[in-house]
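Enquirer: Below: one structure in structure tokens.
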Amino acid sequence: MKNRQRIIKDLKEQIDENNLPKHIAIIMDGNGRWAKKRFLPRTAGHKEGMERVKEIVEVSARLGIKHLSLYAFSTENWKRPEQEIDGLMKLLVQYLRSEIERLHKNNIKIKALGDISKLPSLQRKEVEDAMEKTKNNSRMILNIGLNYGGRDEIIVATKNILKDIKMGKMNIEDLDANTFEKYLYTKKQPDPDLLIRPSGELRISNFLLYQIAYTEFWFSNIYWPDFREEHFYQAIIDYQKRDRRYGGI
């Protein structure tokens, strides 16, 4: 334990607090494989993964990250076994009920990314209540991807733009990147500077497709339930060593 704390301290001292990513996105992957490796049900992996959510949210706020986006449940996850989906939905309620007061006290704003109207009524109400309770908080925005799909987000944004054009609220000539971003779930937020994906997979999985045009990626073989504070710091340190040119020289 002392050795781990020493490693964490050493890593934290390497971080340039004047060059922190404003927005970090995380694809929380590997819960099922973590459980299988230990001969446990997949739900055990998701439960342990929820503990990592608590840890990384706390670390992010303490460090000064302003926007944290967590991919919790995708539009494709509905294809999973009903029992696993039910378990994930119960964990969502459990997380919000156990953490909402702490999040609110720490001035963290909760925002859902995705079409939450498709969630079961209890889960939808818990999410809506959490967003309402924390709507005026300003220390950090915690985006939770729920029934989220990057392609769906772009399609929904396009449909809403066409509706506004049809209703005379905007002209097609006014449509540019800045205007389009106002129709995304992440409107008024900066694009992710850093995207972290544990578990060994090297793909984006339909997460924030429009927003990650110039995002730096950090991949790891660590399953999400094993992803700890020190790994988070390692990702940030690697990010700070990169030269971000945005297409320039």
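Enquirer: Taking a spot 7 Å from the Cα of LYS37 along the direction of its beta carbon, which residues of the range 185-224 have an amide N less than 13 Å from it?
Expert: It comes to 198-201, 220-224, nothing else.
Enquirer: Give me the percent of Cα-Cα pairs in the range 16-66 that sit more than 16 Å apart, rounded to a whole number.
Expert: Numbers: 639 of 1275 pairs.
Looking at the range 16-66, the distances longer than 16 Å represent 50 percent of pairs.
Enquirer: For the range 129-249, what are Rg and Dmax over the alpha carbons, in angstrom?
Expert: Reported Rg and Dmax, both Å: 17.4, 52.
Enquirer: Provide the per-residue ³J(HN,Hα) series for the range 45-60, in order, calculated from phi with Karplus coefficients 6.51, -1.76, 1.60 and θ = phi - 60°, each as a whole number of Hz, with x at glycine and proline positions.
Expert: Rounded to whole hertz, the list is x, 5, 5, 5, x, 5, 5, 5, 4, 4, 5, 6, 5, 5, 4, 4.
Enquirer: On to the next question. ILE24: net charge of surrounding residues, Cβ under 13 Å, Lys/Arg +1, Asp/Glu -1, itself excluded?
Expert: My count for the surroundings of ILE24 gives -1.
Enquirer: If the only charges are +1 at each Lys and Arg Cβ and -1 at each Asp and Glu Cβ, what is the size of the charge dipole of the range 142-249 around the Cα centre, to the nearest 20 debye? Show your work: numbers first, answer last.
Expert: On the way: 15 positive and 16 negative charges, 63 e Å.
For the range 142-249, the charge dipole is close to 300 debye.
Enquirer: Report the net charge of residues surrounding ALA35, where surrounding means a beta-carbon distance below 11 angstrom and charges are Lys +1, Arg +1, Asp -1, Glu -1. Walk me through the intermediate numbers first.
Expert: Values: positive: ARG33, LYS36, LYS37, ARG38, ARG42, LYS47; negative: GLU48, GLU84.
Here the count lands on +4.
Enquirer: Still on this model: 5 Å is the cut-off here: which amide hydrogens, built 1.01 Å from N in the peptide plane, fall below it relative to LEU195, excluding neighbours closer than 5 in sequence?
Expert: ALA25, GLU216, PHE217, TRP218
Enquirer: Then there's this: Kindly give Rg over Rh for the range 76-171, based on alpha-carbon atoms, with the Kirkwood expression for the hydrodynamic radius.
Expert: Numbers: Rg = 15.9 Å, Rh = 15.1 Å.
A ratio of 1.06.
Enquirer: Follow-up. Could you work out the local net charge near GLU201, counting Lys and Arg as +1, Asp and Glu as -1, over the other residues with Cβ closer than 12 Å to its Cβ?
Expert: That works out to +2.
Enquirer: Dipole of the chain, Cα-centred, from +1 at each Lys and Arg C-beta and -1 at each Asp and Glu C-beta, to the nearest 20 debye?
Expert: Charge dipole of the chain: 480 debye, to the nearest 20.
Enquirer: Counting other beta carbons within 10 Å of each residue's own, what order do TRP34, TRP78 fall into, fewest first?
Expert: Going from sparsest to densest Cβ surroundings: TRP78, TRP34.
Enquirer: Rg over Rh of the chain, using C-alpha atoms and the Kirkwood radius, what does it come to?
Expert: Value, to two decimals: 0.97.
Enquirer: Under 8 Å for C-alpha pairs, at least 6 residues apart: give me the relative contact order for the range 150-217, rounded to a whole percent. Numbers along the way, then the final one.
Expert: Details: 42 pairs, mean separation 27.1, N = 68.
Reported relative contact order: 40 percent.
Enquirer: Would you work out which of LEU92, LEU119, ASN171 lies farthest towards the positive end of the dipole of the chain, given +1 charges on the beta-carbon of Lys and Arg and -1 on that of Asp and Glu, about the Cα centre?
Expert: Of the listed residues, the answer is LEU92.
Enquirer: Once you keep just the Cα pairs under 8 angstrom separated by 6 or more residues, what percentage relative contact order results for the range 111-249?
Expert: 21 percent
Enquirer: Please check which bits of the range 4-37 a label hung off GLU58 would reach, taking the label as a point 7 Å along Cα-to-C-beta and the cut-off as backbone N under 15 Å.
Expert: What the label zone holds, given the 15 Å backbone N cut-off, is 5.
Enquirer: Using just the C-alpha positions of the range 1-146 as equal point scatterers, what log10 of I(q)/I(0) does the Debye formula give at each q in 0.15, 0.17, 0.20 1/Å?
Expert: Each listed q corresponds, in turn, to -0.84, -1.04, -1.31.
Computed from the coordinates by the stated procedures, all read-outs in this text should not be read as laboratory data. Just so it is clear, the structure is predicted and the values come from calculations on it, not from any experiment. Here Cβ is always computed from backbone atoms with ideal geometry, including for glycine, and neighbour counts include all displayed protein chains.
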